[in-house]
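To start, the structure itself, in structure tokens.
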Amino acid sequence: MNTDQPNLGEVHEMSFIDHLEALRWHIIRSAISIVIFATAAFFAKDFLFHDLILGPSRADFWTYRMFCKFGQWIGAPDLCMDKVGFIIQNREMSGQLTMHISTSFMVGLVLAFPYTFWEIWRFIKPGLYPHEQKNSQGAVFFVSVLFALGLMFGYYIAAPLSINFLASYTVDPTIENQIDLQSYLSTLTTMSISTAFVFELPMIVFFLAKAGLITPEIMRLYRKHAIVVILIIAAVITPPDISAQIIVTIPILILYELSINIARVVARSRTATLNAQLAENNGVSS
């Protein structure tokens, strides 16, 4: 399926080799975009590590300051995270260089995600029927926006709470937390990227509803089961801290309820389309 491929129903069809050739160029362009963003991230080392990666490891991070202000506003000074009780260190000779390269590549993947998804969509879209193409307009935009919102939520909310809890937790005051750089980065990326993909739930439900694989009635029927699954997901991507789990669970629950409304709108649209087609067929037959 290529961007130059005609829609289904036209005479010309691409061979299997043509499909592979088209896919190859979509992959090549996506890879080039990833390399470009990764290269830019590599040369922006100071911003990448000091401001972005290591930001949640310092007490002046935006999230900690906002929690402190919120705690003062509601009269809960315990919410103020005025210090971060751990030290990040590197234990391998080439650890920082390796981390610099791998982190740059990962940032390149994240920044190139919208373009990469657009390339994938360009490959898939010509193989859809005209009405399917019409129904999926704006898919790249909404997928990219939800991904960015999830990434920001993970970076500014889920990751700082997880890092602060895990790094400050001690079984004895005499034990000092000295966190390995790889362990710190793994926690940060897991929290951020996991929530980025979790936030794609509305788009997943949209396409499943369009395909007739899910309905709002089914989602309402299994709402209690979904809540349990959401709690499990929140427990997996957050530390064993009830406050962090609640903060992560709330937006996922909101997304689930939003997805039910999306499925309902899609179901109404499908019903209206089927009724119109039925009326048209009855008119032709009569």
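Here, each number is a calculation from the coordinates, and none is a lab measurement. Source: prediction; values computed, not measured. Heads up, the Cβs are rebuilt from the backbone with ideal geometry, glycines too, and the neighbour counts pull from every protein chain shown.
Quick one: 3J(HN,Hα) in Hz for segment 91-104, Karplus 6.51/-1.76/1.60 with θ = phi - 60°, rounded, Gly and Pro as x.
Each residue's phi maps through the Karplus curve to give 10, 10, 4, 9, x, 6, 5, 4, 5, 4, 5, 5, 5, 4 Hz.
Would you calculate, for the chain, the mean residue ellipticity at 222 nm contributed by helices, counting each DSSP H stretch of 4 or more residues as -39,500 (n - 2.57) and dividing by all residues, to the nearest 500?
The helix contribution divided over the chain gives -22500 deg cm²/dmol.
Mind checking the dipole of the chain: about its Cα centre, +1 per Lys or Arg Cβ, -1 per Asp or Glu Cβ, Debye to the nearest 20?
The dipole magnitude comes to about 620 debye.
As I understand it, the dipole of the chain uses +1 on the Cβ of Lys and Arg and -1 on the Cβ of Asp and Glu, about the Cα centre. Which of Pro202, Thr189, Val265 lies farthest toward its positive end?
The one lying farthest along the dipole's positive direction is Val265.
Please list, ordered by chain and number, the residues whose modelled amide H lies under 5 Å from the amide H of Ile179; skip anything fewer than 5 residues away on the same chain.
Ile87, Ile88, Gln89
Could you run the Karplus curve 6.51 cos²θ - 1.76 cosθ + 1.60 with θ = phi - 60° over segment 71-81 and give me ³J(HN,Hα) per residue in whole Hz, x for Gly and Pro?
Whole-Hz 3J(HN,Hα) from phi for segment 71-81: x, 5, 5, 9, x, 10, x, 5, 6, 6, 9.
Which whole-angstrom value gives the distance between the alpha carbon centres of segment 64-140 and segment 27-44?
Using only Cα atoms to place each centre, the spacing works out to 16 Å.
May I ask you to order 73-86, 249-262 by the average number of other C-beta atoms within 10 Å around their residues, highest value first?
249-262, 73-86
By per-residue mean of other Cβ atoms within 10 Å, what is the highest-first order of 152-165, 134-147?
In descending order of packing, they fall as 152-165, 134-147.
Please give the FRET efficiency for Gln72 paired with Ser186, using the beta carbon to beta carbon distance and R0 = 51 Å, rounded to the nearest 0.05.
0.95
Calculate the radius of gyration of the Cα atoms of the chain to one decimal place, then report Dmax, the largest Cα-Cα distance, as a whole number, both in Å.
23.8, 88
What residues qualify as long-range amide H neighbours of Ile214, i.e. H under 5 Å apart, gap of 5 or more or another chain, H built at 1.01 Å from N?
Long-range HN contacts for Ile214: Ala209.
Is any residue of segment 96-112 close enough, with backbone N under 19 Å, to a label point placed 7 angstrom from the Cα of Val35 along the Cα-Cβ axis, and if so, which?
101-112
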